[in-house]
Structure formats: structure tokens, C-alpha cells
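The values are calculated or read from the model by the stated rules, or taken from the named source; none is laboratory data. The structure displayed is predicted, hence computed values, not measured ones. Note: ideal-geometry Cβ built from the backbone for every residue, glycine included; neighbour counts use all protein chains shown.
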Amino acid sequence: MGNEGGGPGSVRLASAAGRWVLAVAVLGEAMVLLEATVVNVALPSIGRDLRAGVAGLQWTLDGYVLTLAALVLAAGSLSDIYGRRRVFILGTAVFVAASALCAAAPTIQLLVAARFVQGVGGALLTPGSLAIIGAVFHADDRLRAIGAWAGLTAVAAAIGPPVGGYLTDAVSWRAVFLVNLPVGAFVIIAAILRVPETRDPTRPGGLDLRGAALAMLAIAGACFALIQASGGLTPAVITAAAVSLAAAGTFAAIEPRSSHPMLPLELFRSRQFAAVTVLALVAYAALGGVIFLFVAFLQITLGYTALQAGAATLPITALMLILSRPSGAIAQRIGPRIPLAIGAVLTGAGLLLMAQIHVGDGYLTGVLPSLVVFGVGLAALITPITATVLASVGSRHSGIASAVNNAFSRLGQMIAVAALPLAAGLSGAAFENPARMAAGFPVAMTIAAGMSFAAALLAWTTISDNALNRPAPDAEPVAKDLPPSLQRHCAVAGTPLAAYSNPRPSSRPPPAKES
């Protein structure tokens, strides 16, 4: 069980085993992405049913994102140490249980609490989803598998609004949570039966608890400050920001001296990894503004129903489905720099077109062109970003690399959700005012477009044309680069397959002597 269809690094994408692994990874991540977008459309119905105010509805969205972002780095480290499949399954189980609690919540307070727990499950399964792809597939198929994963999971995020609109109108807002139960059950069973276990064989010891706690404080403090910033620089916002900065500074100071750091800071010595991480932050900040504001603009200002607003975004879904794999192939052939720059420019152009939408514009002539340009740009961006992250560090760090990418992506989206309404004059009651939304939405889209153009410049100046064609940094581990306790292993350089074939040694190597 769990090892059918080949071991780590040997599974081919065209095989039945490869299709199973891809399906499990995509469906697991899809649940997380769906819950980040599907709830947006259901918020008005939730507010009426549970008699919730604006603050309660904001925390229904932000509580989920906050716990997911705060815990994802620790979860990525756990997956590298204890097994990506194991942590992925645990996260899926927590996520499904929390979804059931969300669906049954009788009050807004209990719904928000369940959403916090749902974020914990999402944090545990998210790094494993991409890390499994990076570690299990054969090197010749890895980029194509990443392309398929990126395209299909992006489609899951894009179909969130139409799915949420349909379930809310046809059934109930509670159905947007109940849909996770059968999907999650399938993912758990299929992962147990069809996905090989992988881990980082060079990681000694357990989780770096001190580093994990500091990382959680730094990210949670930043997220909380951003969420509450719409109310001004209150003492709570200032305190949260100060805690975040202090925790981040302490984390950076102590991690290099840790015997088993949660986040090996040498990853950032890779110019490509550091550059693409910043690129993900900027690009996803721009995209987060669209996910949050566009569907609301269609409903509040243009008078769309929840179902109509969700269905209006389907062109983005179709373009992601059609173009994501070809964009990965193009990036492999010519390098990621040009596709990333062009994709960011196109998303910016799409956002500027969205800023021109006015009351009375028809869908085909006013709305659709912006969605098409934006969707093509998004399809060109997602796969190269994901592939460059994994290619820049290699497979043994795939769990923590995926977690870093996710943490910065979520932080970028959080910045957009907090800052764009504030900058566009849409905070508080103004958000639900049709006239104020009509005036503020173009401002927000113009700011988001500026972030997209900044991402294009960043990609053009920092990403290498051959970033995807270099040998993985850990393809040939050298003894001096390993922990002292592992330097007595066979001196032949090569991928440490023995560690994968025997993931649970009967005895742990003695610890290195302190110098």
C-alpha cells in the first residue's frame, strides 16, 4: 500500500501510476484553493442566514487564510522530515472534518472558529501537494507534471466563484463546505493506496520548534495587521506589526545556527529561488485583488446575481485549462524569463481593461475582453513560477520550497485584500455601496495592474533563461554539504535512493559532536 506504481523519482506521467499521483495532488490542492474563492460568493447568504455583520464576514474569509499562511512553513518542514504523503493525508483529514463543522455551524462565531481549523488542515496538505509532484515523478516528466498540476489547480481556483454561486443559489451556502467531504475521502484513500512516500533523507532530528514558533508569529502577526489595517493604525495593528517584525528578525538571526533549521536559509543563496519567491509575492498580490474585488464589483455595481457573477469568470477557467500545459512546454524550451515577463504584462493589461468597465456595459463587449487578456496572462505565469521554484532547489527540499512559495503567495493575496480596498476608498460600509464601488473599483484595478507590471520587470531582470535546464541543486549531494552525522555514508555522489527505499531506519545515526 502506498508504493504501487513505482518509487520516488521513477514515476512516469503517462503511466497509470503517474495519473493517480497527479489526480491525488491536484484534488487535494483544489479543495484548498476552492475554499479560498468559493466562499466569497456565498458571503451575502451567510450574512443573512447567520445575521452576521461585516466584521464576521471578513473573518470568515481571513481566519482561513491567516492560519493557512501562518502554518504553511512549519507544515512544509514537517512534510520533508516525516513524509510528504503522511502529512498530506493528515492535512486532508483535518480539512474535511473542519469542512463538516463549517457546514453545520449555527452561528457566525462557530463558523469563523471552524474556518480557522480548516486553515490548519489546508496548511498541512498544501506543501505536500506540490512536493509530491516534485519528488515522485521522473526528471524527464517533472516539468510536464508541474505544468499539469499548476494548470488544473489554477482552474480549481478559477471555478470557485461559479461553483459557489451555483451551490448557494441552488442548494445553500452550507453546500460549499459539504462538497469537500466526498472529494476529501477519495483523496485520502487514493493517497494511501497509490502515492509513494518521500522525504528529505538529509534532514537530521525533528521539527525545529523554536524556528516554527517564530515563523508562525511573524506570518500571523503580519496577516493580522493587514486584515485589521482597514480600521486604521489602531494599537492592535501596531502591536501585531511589531510582533511580526521582531519574530522575523529573531528567526533570521537564529536559523543559521540551528542544527536542524525549519527553513534552511541557504535556499535563498540560490539567486533564482530568491527572485522567484519575490516574484510570487508581487504577482499574487496583483491576482489577489481580482479574486477579491471583481466578483463583488459584478454583483454590487453591475447587478449580477451570485450565479451570474461566478459564471462570468469561466473564460479564465477555460484559458487556464487550455494554455497551462503549453506554457510549461514553452518555458522548458526557451526558458521561464520571457513567459513570466509576458504573462505579467498581459495580466496587467487585463486589469487595466477591467478598470474601464462601467455601469451599463454588456458582458461580451465590456467584461469579456478583459477576462480573456487576463486569463491568457495568468496561464503564462502560473506554471513557470511553480516550476522555477522547484527547479531552483531540487527535490529533497521540495516540501519546504513549496511551503515558502505558498506562504509568499498567500501573503501577497492578503496584502491585496487588505490594502486595495483601503487605497480605493472601499473600506467599511463603502464596499457595499454601488456608487462607491463603481468609483473605487477602477482605482483598485489600476493599482493591481501596476503590481503586475512590476512583476514583469522583476522577472525580466532577475530570472535566468536556463533556470529550468540546470541540474537540480541536490542532484549530486557532496559529503561536505551534508550534516556530520550523515557524512559516513557511501562516498559515491548521487541521488540518495537508499534513503527512500528505507525511510524508517532501525537506528538513528549518532549525533554530530559539538565543536
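Only one of G76, G122, G83 is touching a residue at least 24 places away in the same chain (Cβ under 8 Å), farther than 26 Å from L426 by Cα and surrounded by fewer than 23 Cβ atoms within 10 Å (Cβ to Cβ). Can you tell me which?
Within the list G76, G122, G83, the selection yields G83.
Taking the condition in a helix (DSSP H, G or I), without any contact (Cβ under 8 Å) to a residue 60 or more places away in the chain and either closer than 18 Å to F292 by Cα or in contact with a Lys or Arg (Cβ under 8 Å, 6 or more places away or on another chain) (or both), does L378 pass?
no
Given the structure, is R203 touching a helix residue (DSSP H, G or I) at 6+ places or on another chain (Cβ under 9 Å), of a type in the set (D, E, K, R) and modelled with pLDDT of 90 or more?
No.
Is it fair to say T198 is modelled with pLDDT of 85 or more, of a type in the set (S, T, Y) and within 30 Å of F137 (Cα to Cα)?
yes
Any idea how many residues of segment 41-71 are assigned to a helix (DSSP H, G or I), out of contact with any helix residue (DSSP H, G or I) (no Cβ under 6 Å at 6 or more places or on another chain), touching a residue at least 12 places away in the same chain (Cβ under 8 Å) and more than 19 Å from F116 (Cβ to Cβ)?
Within segment 41-71, residues that are assigned to a helix (DSSP H, G or I), out of contact with any helix residue (DSSP H, G or I) (no Cβ under 6 Å at 6 or more places or on another chain), touching a residue at least 12 places away in the same chain (Cβ under 8 Å) and more than 19 Å from F116 (Cβ to Cβ) number 2.
For L13, work out the one condition from (1) touching a Pro at 6+ places or on another chain (Cβ under 7 Å); (2) more than 25 Å from L178 (Cβ to Cβ) it doesn't fulfil.
Checking L13 against (1) touching a Pro at 6+ places or on another chain (Cβ under 7 Å); (2) more than 25 Å from L178 (Cβ to Cβ), the one that fails is (1).
If you go through segment 133-142 one residue at a time, do you hit one that is outside any helix (DSSP H, G or I) and surrounded by 24 or more Cβ atoms within 10 Å (Cβ to Cβ)?
yes
Can you find, within segment 49-72, the residue that is modelled with the highest pLDDT among those that are of a type in the set (S, T, N, Q) and out of contact with any Leu (no Cβ under 7 Å at 6 or more places or on another chain)?
Checked segment 49-72; the qualifying residue modelled with the highest pLDDT is T67.
Taking into account only those residues within segment 215-258 that are closer than 20 Å to L61 by Cβ and touching a Ser or Thr at 6+ places or on another chain (Cβ under 7 Å), which is modelled with the highest pLDDT?
G221
Checking the structure you have, find out if any residue of segment 434-452 is at negative phi and outside any helix (DSSP H, G or I).
no
For (1) crowded, with 21+ Cβ neighbours inside 10 Å; (2) closer than 30 Å to L351 by Cβ, each residue gets a yes or a no:
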residue	(1), (2)
A213	no, no
I219	yes, yes
A241	no, yes
S244	no, yes
A247	no, no
F273	yes, yes
L287	yes, yes
